[in-house]
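The values are calculated or read from the model by the stated rules, or taken from the named source; none is laboratory data. The shown structure was predicted, so the numbers you read here are calculated from the model rather than taken from an experiment. Using ideal geometry, Cβ is built from the backbone for each residue, glycine included, and neighbour counts are taken over all protein chains shown. Ligands, DNA and RNA are stripped out before the accessible areas are found, and what is left, the full protein with its side chains, is counted by its heavy atoms. Shrake-Rupley method; radii C 1.70, N 1.55, O 1.52, S 1.80 Å.
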Amino acid sequence: MSGTFVGMPSFPKAAHEAVGNTTLRANLRHATHTIRDKRAKAVAELDDWAALREAGRQIKDHTLRHLDTYLGQLEEAVTAAGGIVHWATDADEANRIVTRLVKDTGESEVVKVKSMATQEIGLNEALEAEGIHAYETDLAELIVQLGHDRPSHILVPAIHRNRGEIRDIFTNEMSEWGRPAPEGLTDTPAELAEAARLHLREKFLRAKVGISGANFMVAETGTLVVVESEGNGRMCLTLPETLISVVGIEKIVPTWRDLEVFLQTLPRSSTAERMNPYTSMWTGTTDTETADGPRVFHLVLIDNGRTDTLADEVGRQALRCIRCSACLNVCPVYERAGGHAYGSVYPGPIGAILSPQLRGTTSEIDASLPYASSLCGACYEVCPVAIDIPEVLVHLRERVVQGGPATRQGNRVVLKPAKGHAAERAAMRAAGWAFAHPGALRAGQRVASRTRRFHPRTLPGPGRAWSATRDLPQVPAEPFRDWWQRTHGKKESGK
């Protein structure tokens, strides 16, 4: 993935700093609780939600098993409709392709639809290095860009900002990017939205090149789909003469019939709406100046670690993700730490399993992400495609601690254990040996029960970080095995 977040500390360090920011925590708590409550009501309206969830899981799994076939079908369909397909192995190649395509138009400005894929590869920074200005047009992305900030949420990138902060950003920064904020701007939502609308309108009308991602790609027709709530995406997709869409290879669905499932589950899981206010679909190009849509269309399909992730039988389910952000809104860890602590454009529970697979676990931040969870399972319960995030987290923790076989850049390699986990490896080996020797386990339990009055209230060494904020569970006066034998053993033997 992109080096945009290189230099971030590990998650524990970043989270420790974040939880001390009371304004951030208040913003996150208010926003996530509001979204999750609305989502629960929207989902409860559908009697067949469980069936839709299962259908989404099966469609995604089927597509991933036959990804090569459907990608080939997609390329043929896009080409037949007048589009041009490009393939990018990694972020650098994708950035080179997009930069060249923009330069070929002779333009030095582009307008952008909100896109996680372009953030993942660091496209804005790559374009800026070549003298091309990329303007974000999603309201939240605009706030992040004007504030020289980073997104902290998949759906609401500026969730960490309150209205007063947004007003200050608009007042201080808009004039440097184009039309300035109106005089006397207040923090009322209507005024803030109007300021953004006026600021962006001139960019929409001037831009000759648009850049987007896509929520879905339909293999049978070569159709791309963008769902949004503001209408800025449709402006970017229909007004520019040239459209460049940068999409991960996993965003494909085989047929229009398959798409119908996700057009029900995505809006309810993300914005708690029955359907998205704007669902834009385009197939290829238009050949007249009066028709909506681009006259030149490029589709850049990026791998950037996705094929490596697909090779992992446990971890590949992360590629089902439809970027709804439901897991973030119910996660107690995200609610307190915020998105920046994850050091990736993919924060929250899905980021904790997706980023270490796309980028590997060699860096300090990526090795720490699988531990950014309490394993409470709330993320799995709300996921509209049934990604078992806790299962993948435990799987990745094992990889970090033990090392082992993995696929990196298409090659099968053996990873070394990450540094700093020697004590954890020793503890797991000791536990494994004890569970494999029932006699030793029974003796250890008895010793622990009989010496419990001498047990410390806090753990020594590295364990102190855990017990400093938690009460250690008290060892029972009698092991369960002994209690069961004393209370039930004679009865059962009498039978």
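So which residues in the range 103-114 are buried (at least 23 other Cβ atoms within 10 Å of the Cβ) and either assigned to a loop (DSSP other than H, G, I, E, B) or polar (S, T, N, Q) (or both)? The answer is Val113, Lys114.
Answer yes or no as to whether Ala367 is at pLDDT 95 or above, within 20 Å of Gly315 (Cβ to Cβ) and out of contact with any strand residue (DSSP E or B) (no Cβ under 9 Å at 6 or more places or on another chain). For Ala367, the condition - at pLDDT 95 or above, within 20 Å of Gly315 (Cβ to Cβ) and out of contact with any strand residue (DSSP E or B) (no Cβ under 9 Å at 6 or more places or on another chain) - is not met.
Considering only the range 116-135, I want to know if a residue exists there that is under 29 Å from Ala337 (Cβ atoms) and touching a Leu at 6+ places or on another chain (Cβ under 7 Å). The answer is yes; a qualifying residue exists.
In this structure, Glu176 does not qualify as charged (D, E, K, R) and modelled with pLDDT of 95 or more. Counting only helices (runs of 4 or more DSSP H) that fall entirely inside the range 1-102 and contain at least 3 residues that are modelled with pLDDT of 95 or more, the qualifying elements are 22-44, 49-65, 67-80. Residues that are open to solvent by 10 Å² or more (accessible area, probe 1.4 Å) and within 20 Å of the chain's Cα centre (by Cα) within the range 277-303 comprise just one, Asp303. The criterion of at least 2 residues that are among the aromatic types (Phe, Trp, Tyr) is met by the following strands (runs of 3 or more DSSP E) wholly inside the range 180-295: 278-283. Every condition in (1) farther than 29 Å from Ala272 by Cα; (2) touching a residue at least 40 places away in the same chain (Cβ under 8 Å); (3) in contact with a helix residue (DSSP H, G or I) (Cβ under 9 Å, 6 or more places away or on another chain); (4) among the charged types (D, E, K, R) holds for Arg161 except the one numbered (1). Here is a check on your reading of the model: is Ile143 under 18 Å from Val111 (Cα atoms), open to solvent by less than 20 Å² (accessible area, probe 1.4 Å) and touching a residue at least 24 places away in the same chain (Cβ under 8 Å)? Here the answer is yes, as Ile143 does meet what is asked.
Of all the listed residues (Leu224, Leu237, Leu243, Leu198), the sole one being surrounded by fewer than 16 Cβ atoms within 10 Å (Cβ to Cβ) and of a type in the set (A, V, I, L, M) is Leu198.
There is no residue in the range 421-433 that is in a loop (DSSP other than H, G, I, E, B), surrounded by 11 or more Cβ atoms within 10 Å (Cβ to Cβ) and on the phi > 0 side of the Ramachandran plot. Within the range 342-364, if we keep just the residues that are more than 24 Å from Leu28 (Cα to Cα), modelled with pLDDT under 95 and of a type in the set (S, T, N, Q), the residue that is least open to solvent (accessible area, probe 1.4 Å) turns out to be Thr361. For the range 19-59, which positions are surrounded by 12 or more Cβ atoms within 10 Å (Cβ to Cβ) and of a type in the set (Val, Ile, Thr)? Across the range 19-59, the qualifying residues are Val19, Thr23, Thr32, Thr34, Ile35, Val43, Ile59.
Looking across Pro390, Pro370, Pro384, one residue alone is in a helix (DSSP H, G or I), open to solvent by less than 20 Å² (accessible area, probe 1.4 Å) and under 23 Å from Val333 (Cβ atoms). It is Pro370.
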